[in-house]
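Below is one structure, written out as structure tokens; comments come after it.
What follows is calculated from the coordinates using simple rules that are stated; it is not laboratory data. Quantities reported herein were computed from a predicted structural model and do not represent experimental measurements. Don't worry about glycine lacking a Cβ; one is built from the backbone with ideal geometry, like all the others, and counts go over all protein chains shown.
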Amino acid sequence: MDYHVHNFSIPIFQFKLDNWKEKKEKIMSFYPSDSELRYTGEVATDFTANLPSVKRRGEIVDIFAPELTEVMHTMGAEGWHVKQPWFEVAKKGDFHGPHTHGPIGMSAVCYVEFNKYEHTPTIFAPPFTDIFNSLTPTYAPDADEGTFVVFPASLLHWTERNASEQRRVAVSFNVDMSVGGVANTVQTINFND
């Protein structure tokens with residue numbers, strides 16, 4: 001009898017960026033001014049900012065090029081394009097509620113100012129429930145400053161309320177992909193392991 005033990009796996013890639021001190025300095029050189037940040041009622045972000053400085057931040061993508069190239073190769077992407085990056089800033093009490101980025105390919109987050117003892121990382125949930133108790137399993141990466149996570153843009157995710165006096169800063173972006181077929185070597189997070 002032919003069967004599969006895990007038919008539904010979701011690819012989530014996690015890297016610890018090399019030369020983090022230098023990369024953080026470059027990323028933060030693009031950090032938006034207070035006037036460029038918009039408070040959404042949950043977190044502050046420059047996602048919707050339409051300012052000249054936004055265009056310069058395309059240079060941020062170069063920082064992640066080696067890891068993105070590896071992910072896209074593993075995913076079997078024939079071509080890919082990174083959309084504009086944005087910053088998300090969570091001060092004490094801020095959070096980002098459950099959302100997806102739609103069926104556009106992959107999304108990425110890098111924890112730029114993040115204290116693993118004070119902050120919680122992004123939490124991910126699959127589009128299905130556990131077969132034994134109907135609860136939705138979740139996954140949160142073991143993150144620290146310089147952790148870079150790439151995940152399907154359509155995957156439900158959120159951040160918990162920041163309980164720390166320290167702000168939590170992340171930079172994120174979406175990646176459009178053209179894929180003829182997903183490679184069999186995709187690294188996955190199995191939610192039932």
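Working out 0.36 nm times the residue gap between residue 74 and residue 116, then minus their Cα-Cα distance, what length gain in nm do you get to one decimal?
Taking 0.36 nm per residue and subtracting the Cα distance, the gain is 12.3 nm.
Please identify the trypsin sites (Lys or Arg not before Pro) of the range 111-167 that satisfy two criteria: DSSP loop assignment and at most 14 other Cβ atoms within 10 Å. Which are they?
Those satisfying the criteria are 116, 161.
Treat the range 27-178 as a sphere of radius equal to its Kirkwood radius over Cα pairs and apply Stokes-Einstein at 37 °C in a medium of 0.692 mPa s; give the translational diffusion coefficient in µm²/s, rounded to a whole number.
In µm²/s, the coefficient rounds to 202.
Which of rounded, prolate or oblate describes the range 103-156 when judged by the alpha-carbon gyration tensor and an a/c cut-off of 1.5?
Oblate.
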